[in-house]
1. Specify which of the listed residues (B:A52, B:A90, B:A86, B:A96) is more than 19 Å from B:I119 (Cβ to Cβ), of a type in the set (A, V, I, L, M, F, W, C) and in contact with a strand residue (DSSP E or B) (Cβ under 6 Å, 6 or more places away or on another chain).
2. Assess whether A:R45 counts as being among the charged types (D, E, K, R), in a loop (DSSP other than H, G, I, E, B), surrounded by fewer than 19 Cβ atoms within 10 Å (Cβ to Cβ) and touching a helix residue (DSSP H, G or I) at 6+ places or on another chain (Cβ under 9 Å).
3. With the requirement that a residue be in contact with a strand residue (DSSP E or B) (Cβ under 8 Å, 6 or more places away or on another chain) and either among the charged types (D, E, K, R) or more than 18 Å from A:K118 (Cα to Cα) (or both), what does the range A:8-24 give you?
4. Taking the stated definitions as given, is A:L56 in contact with a helix residue (DSSP H, G or I) (Cβ under 7 Å, 6 or more places away or on another chain), of a type in the set (A, V, I, L, M, F, W, C), within 7 Å of another protein chain (Cβ to nearest Cβ) and within 21 Å of B:Q62 (Cα to Cα)?
5. For the range B:52-64, indicate whether the set of residues that are among the polar types (S, T, N, Q) and assigned to a helix (DSSP H, G or I) is non-empty.
6. Name the residue, out of A:V94, A:V120, that is among the β-branched types (V, I, T), over 30 Å from B:P38 (Cβ atoms), surrounded by fewer than 24 Cβ atoms within 10 Å (Cβ to Cβ) and in contact (Cβ under 8 Å) with a residue 24 or more places away in the chain.
Number of protein chains: 2
Amino acid sequence: MREDMLKSILSDLNGSSADIEASAVISTDGLMMASLLPAGLEEERIGAMGAALLALGARTAQELSRGELEQVLLKGSQGYVLLTGAGRDAVLAVMAKPSAKLGLIFLDVRRAAENTAKIV
Amino acid sequence: MREDMLKSILSDLNGSSADIEASAVISTDGLMMASLLPAGLEEERIGAMGAALLALGARTAQELSRGELEQVLLKGSQGYVLLTGAGRDAVLAVMAKPSAKLGLIFLDVRRAAENTAKIV
């Protein structure tokens, strides 16, 4: 039931831009809550890498006086990974193409993260 | 000599926006090459956290089919950390206030990274 509601948010998000390739809601300890992934991307891999990045990102933000971690963005030659906090217990992970317009993606992801936070 | 040239790039960068609080050039293994930091921020801490983030970011980008890592952005409640590749051997690390306009920061940092890559 909650998984269906989360999947509906992810479906809207993936549909909001052709540049969004995959999205998932993961717990802050790296377990999958819901996902819409293309074939070839494993849930466990995203959960594990996401949780590791969040932990290190939070520690870095603290050590460098940046406060509470809210978002992590990775830009690679083949596209983006964006992790956004969705309430205290969940994180919205999004993968986008290198052609993505970040301003639009940030906006759509922030809305989806707010909706996710209400459900989780 | 090279350190002076790098410091000059960092000085121009920090001067380009009042939202940029600190900048540094670090080697990809986390050693400091040049820095312009406010009191209270230790070089070693930035180098160590930067190198750890880069290593994990590169692995994540690879595992999630995002290609070669080009940039890492952390957004915290108290500001941003931005790591940008500057050639093969160096990384430009920038800390900015939460009020920073990311579009401007990205532009200035990209130029500074290109200039850094020519020197390192």
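The values are calculated or read from the model by the stated rules, or taken from the named source; none is laboratory data. Just so we're clear, the structure is a prediction, and the values are computed from it rather than from any experiment. Positions of Cβ are generated from backbone atoms using ideal geometry, with glycine treated the same way; all protein chains shown enter the neighbour counts.
1. B:A96
2. no
3. A:N14, A:S17, A:D19, A:I20, A:E21, A:A22 - these are the residues of the range A:8-24 that are in contact with a strand residue (DSSP E or B) (Cβ under 8 Å, 6 or more places away or on another chain) and either among the charged types (D, E, K, R) or more than 18 Å from A:K118 (Cα to Cα) (or both).
4. yes
5. For the range B:52-64, residues among the polar types (S, T, N, Q) and assigned to a helix (DSSP H, G or I): present.
6. Criteria check complete, one pass: A:V120.
Listed here are the residues, each with its yes/no results for (1) in contact with a helix residue (DSSP H, G or I) (Cβ under 6 Å, 6 or more places away or on another chain); (2) within 13 Å of chain B (Cβ to nearest Cβ); (3) part of a helix (DSSP H, G or I).
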{"residue": "A:E70", "(1), (2), (3)": "no, yes, no"}
{"residue": "A:L74", "(1), (2), (3)": "yes, yes, no"}
{"residue": "A:Y80", "(1), (2), (3)": "no, yes, no"}
{"residue": "A:T84", "(1), (2), (3)": "yes, yes, no"}
{"residue": "A:R88", "(1), (2), (3)": "no, no, no"}
{"residue": "A:M95", "(1), (2), (3)": "no, yes, no"}
{"residue": "A:A100", "(1), (2), (3)": "no, yes, no"}
{"residue": "A:L107", "(1), (2), (3)": "no, yes, yes"}
{"residue": "A:A112", "(1), (2), (3)": "yes, no, yes"}
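Listed here are the residues, each with its yes/no results for (1) at pLDDT 95 or above; (2) under 20 Å from A:L69 (Cβ atoms).
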site	(1), (2)
B:T28	no, no
B:P38	no, no
B:E44	no, no
B:M49	no, yes
B:G57	yes, yes
B:T60	yes, yes
